[in-house]
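Data block below; observations after.
The values are calculated or read from the model by the stated rules, or taken from the named source; none is laboratory data. Quick caveat: nothing in here was measured; it's all calculated off a predicted structure. So basically every Cβ, Gly included, is an ideal-geometry build from the backbone, and we count neighbours across all protein chains shown.
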Amino acid sequence: MSTRIFLALALAATPLSASASSSLPGTAAVDTVRLQSELKRASQATYSGRAKEARAIYRKLIAEQRAAGEYAKLPLWSLALHYFYEDDTRNAALTLDELASEANRFGDPTMELRAMFEATSLWVKRKELANGADRVERIKDLLKSPVIAEADKREFQSRMG
């Protein structure tokens, strides 16, 4: 199986939930029904060849969630998938790095591991890996986390080969 197909399957198979967002006190929460609807609309735009429209929707959702003090996990992940689908691995990796940072900030080590691992894989394939030792060290630290499911840890350990 090609690495690109494997990565696409790994990215697409990751379960995500709109209920994973949390908002700061005193800020308006994002409507999760509307969020799901807009994510679906952006996905349809992607698969219909309207990439610019899809990116605009994803960026708007990310901005709205951040303005509400919420974790923009779903739109960031979806934007990374969009870039990957468009074969724009540079922006996919940048978006995954952004998601890893946000996952760390919101205390989601499983998503931080997944996003950092996938971003690092893309940077390696592009031969543009910056701070590789730091990334590998962080991935190894996350693999020791007691809150990350053992099945997830085994998946990444097997992929590290």
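Overview of values
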| item | result |
| --- | --- |
| Entirely in the range 45-150, the helices (runs of 4 or more DSSP H) that have 2 or more residues that are more than 21 Å from LEU35 (Cα to Cα), in contact (Cβ under 8 Å) with a residue 12 or more places away in the chain and not aromatic (Phe, Trp, Tyr) | 89-105, 109-125, 132-142 |
| Number of positions in the range 131-147 that are surrounded by fewer than 14 Cβ atoms within 10 Å (Cβ to Cβ) and either within 19 Å of GLU102 (Cα to Cα) or not assigned by TED's automatic domain parsing to the domain that holds MET160 (or both) | 6 |
| Hits in the range 54-89 (condition: surrounded by fewer than 18 Cβ atoms within 10 Å (Cβ to Cβ), of a type in the set (Lys, Arg) and over 14 Å from the mean Cα position of the chain (by Cα)) | LYS60, ARG66 |
| Criterion: surrounded by fewer than 23 Cβ atoms within 10 Å (Cβ to Cβ) and of a type in the set (Val, Ile, Thr) - qualifying residue of THR110, THR95 | THR110 |
| ASP97, sole failed condition from (1) outside the structural domain of ARG135 (by TED's automatic domain parsing); (2) closer than 27 Å to ALA130 by Cβ; (3) among the acidic types (Asp, Glu) | (1) |
